[in-house]
Every structure is written in C-alpha cells, then in structure tokens.
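The structure appears right after this line, and notes come after that.
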C-alpha cells in the first residue's frame with residue numbers, strides 16, 4: 001500500500017522535451033472509409049479539412065489524428081507536444097545536439113494553428129515537435145472549406161520563414177507503408 005509519493009528532481013518535466021503524444025498523421029488510400037470508421041466507430045469529430053488532409057479529434061485538441069488523401073497507405077508522421085514556441089526552439093537545439101537536423105520548420109501550421117518542427121528519427125521515422133495546438137469546444141464545427149486553406153506562392157505555413165519539407169523527410173513520410181492487410185511492408 002502506498003500512502004504518499006514524493007516527486008524527485010529527476011521526474012520533473014523538462015520544458016524542451018515532449019509532454020505527450022499530440023497526434024498521428026496517416027496517409028490513406030481510401031480516406032472516406034478511414035474517416036467514416038474513425039467517426040462512427042470511435043466517435044472522432046471533424047475539426048478541419050484541406051485538399052490534402054482531414055483533421056479529426058477525440059478531445060479538446062484541434063486534432064488527434066490527421067487522415068491524408070493519398071494513393072498509398074502509410075505513416076506520414078508522429079507528433080509530440082511540447083510546451084510552446086520557446087520549448088520548440090529549445091527542442092530544436094536539443095535535437096541538433098543529438099545529431100538530428102530540422103527537416104522542416106520552425107513554422108506555424110494553418111489547421112490547428114500549432115507551431116512545428118519536423119525531424120527524422122531512428123530508421124528514418126518521421127517525427128514532429130508541436131505546441132500551442134488550438135483548443136476547441138465539444139460542439140466545434142469547421143468554419144473553413146477545403147479550398148479556403150491555401151497559402152501565397154512560396155509559403156507552406158503562416159510564417160513562411162523556411163522552405164517546405166526536405167527531400168529526406170518527404171522520403172521518410174512515404175517509407176512506412178502498410179499493406180492491404182494492415183501490416184508494414186519491410187523496406
């Protein structure tokens with residue numbers, strides 16, 4: 001039986017490491033089927049839709065799962081939540097210290113209005129640091145149409161500071177393919 005617990009210094013949160021899993025982005029061969037399943041079976045709700053992605057949620061975060069419209073079924077990326085823009089920038093430094101260059105970012109996405117930086121992890125796993133995700137009410141409904149989400153030429157996020165995703169992260173986003181039976185194709 002435990003009557004009390006003590007918080008030790010080594011268990012306190014560090015502001016530049018992930019606090020939780022934020023979202024997963026999956027590219028879907030049949031986006032309508034995947035979207036239908038997630039909304040009917042799991043009760044996810046649509047937050048936004050662009051020409052490339054559907055952003056759905058199971059809590060107050062703008063999105064918990066992103067479903068991409070794609071010819072292939074694969075993992076696009078896994079995103080980890082950090083405390084905000086300062087933590088994002090410190091996290092970029094931490095990743096560089098460990099030999100992982102930024103492959104896209106820093107920037108601020110449109111849907112979700114979250115800050116981001118993408119990296120390639122072990123086995124070229126596509127990873128994102130993200131923070132400041134928009135919080136939505138349970139009855140939130142999309143206000144923009146897919147065609148409303150577009151950027152001026154040469155921009156891929158709100159800030160437009162960096163070029164788009166690197167060739168390396170694009171390759172990583174296509175690497176983790178799934179077969180028709182749902183298992184990863186070795187590659």
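The values are calculated or read from the model by the stated rules, or taken from the named source; none is laboratory data. What you see is a predicted model, and the numbers here were worked out from it, not measured in a lab. In this analysis, Cβ positions are derived from the backbone assuming ideal geometry, glycine residues included, and neighbour counts consider all displayed protein chains.
Just a few scattered comments:
- Yes/no for residue 75 being modelled with pLDDT of 95 or more, buried (at least 19 other Cβ atoms within 10 Å of the Cβ), in contact with a strand residue (DSSP E or B) (Cβ under 8 Å, 6 or more places away or on another chain) and farther than 25 Å from residue 148 by Cβ: yes
- Selected residue (criterion: nearest to residue 27 (Cα to Cα)) from residues of the stretch 96-107 that are in contact with a strand residue (DSSP E or B) (Cβ under 6 Å, 6 or more places away or on another chain) and either at pLDDT below 95 or assigned to a loop (DSSP other than H, G, I, E, B) (or both): 103
- Filter result for residue 92 (in contact (Cβ under 8 Å) with a residue 12 or more places away in the chain and either part of a loop (DSSP other than H, G, I, E, B) or surrounded by fewer than 19 Cβ atoms within 10 Å (Cβ to Cβ) (or both)): no
- Only a single item in (1) modelled with pLDDT of 95 or more; (2) over 26 Å from residue 45 (Cα atoms); (3) out of contact with any helix residue (DSSP H, G or I) (no Cβ under 6 Å at 6 or more places or on another chain) is not met by residue 132, and it is number (2).
- Some residue of the stretch 146-160 being at pLDDT 90 or above, more than 28 Å from residue 59 (Cβ to Cβ) and assigned to a loop (DSSP other than H, G, I, E, B): yes
- Single match in 174, 117, 79 (criterion: under 18 Å from residue 65 (Cα atoms), within 17 Å of the chain's Cα centre (by Cα) and part of a helix (DSSP H, G or I)): 174
- Restricting attention to the stretch 108-150, the residues that are in contact with a strand residue (DSSP E or B) (Cβ under 7 Å, 6 or more places away or on another chain) and either closer than 16 Å to residue 92 by Cα or crowded, with 17+ Cβ neighbours inside 10 Å (or both) total 21.
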